[in-house]
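Just below is one structure, and these are the notes that go with it.
The values are calculated or read from the model by the stated rules, or taken from the named source; none is laboratory data. Here the structure is a predicted model, which is why all the values come from computation and not from measurement. Glycine gets a Cβ as well: all are built from the backbone with ideal geometry, and neighbour counts include every protein chain shown.
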Amino acid sequence: MTTATISDVPADATDSTADLLQGLGEGDPAAWDEIFRRYGKFVSAAVRSFRLQEADALDAMQMPWLRLAENADRVQFPEQLGGWLATIARRECLRILRQAKLGPHLTDVTLETVSDPSAGPEQHAIDANTTRTLRKLVDELSPRRRTLIWMLFTDNPSSYSKLSRITGIPIGGIGPTRSRILRQLRDKINEHEVRPGA
C-alpha cells in the first residue's frame, strides 16, 4: 500500500494552501474542490490503515473535513494541512475503535413490539416477526451507529449533546449520520422484504 506524503501535493498547484483556506472561509466551492484534490488521499490513507468497517471508515473520513470547515480560518500552519487532516482522521479511527469496545454496554436495549390492540393473532405474529428482523438488522450495524440509533429511537431520546459525547460524532454530524443509517436500514429491509403490517 502506498502512503500519501506531503510531497504528493501536485507541483502544478497554483494557489497556496493559505489562499485556499481563505477561500474555504469565504465559502468558495472551488477552494473545497482543490483542498479535496490535494489532501483527500492523506485522509483516505490514514483511515484505511485502521481497517474499519465500511460505515465507520466513511464516518472517520468525514471528520477531518468537518473540522476543517469549522476551523479553516484558524489553521496556523497551512503548509502542514495534510498532516493535520490525517491526524484528525487517525484520532477519529481510534475513537471509533474505543467506542466499539464500549458499544455492547451502551446498546443493551430491549425492543418492544407495538401492535394495534384490535389486531388479530396473525397481525401480532407479523408484527413480532418484523420487530425481530429489525432488531437483527440494527444489531448488524457498527457499534457506534447501533448506539446512535438506539439512543435516538427510544421513548426518551437523548439530547444531541449527550449523543455527541457518547458516540464521538459532532453535534452537526448526528443528523446526516442518522439519515445514512436509516437509508442503510431501509436497503436491508428491502433485501429482507420486511413489510410492517403486510
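Data overview
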item: Inter-residue pairs, beta-carbon under 8 Å, first closer than 17 Å to Arg95 by Cα and part of a loop (DSSP other than H, G, I, E, B) and in the range 63-85, second at pLDDT 85 or above and of a type in the set (Asp, Glu), 6+ apart; result: none
item: Residues within the range 1-35 that are at pLDDT below 90, under 12 Å from Leu81 (Cβ atoms) and within 24 Å of the chain's Cα centre (by Cα), tallied; result: 1
item: Filter result for Ser49 (at pLDDT below 80 and either crowded, with 19+ Cβ neighbours inside 10 Å or not hydrophobic (A, V, I, L, M, F, W, C) (or both)); result: no
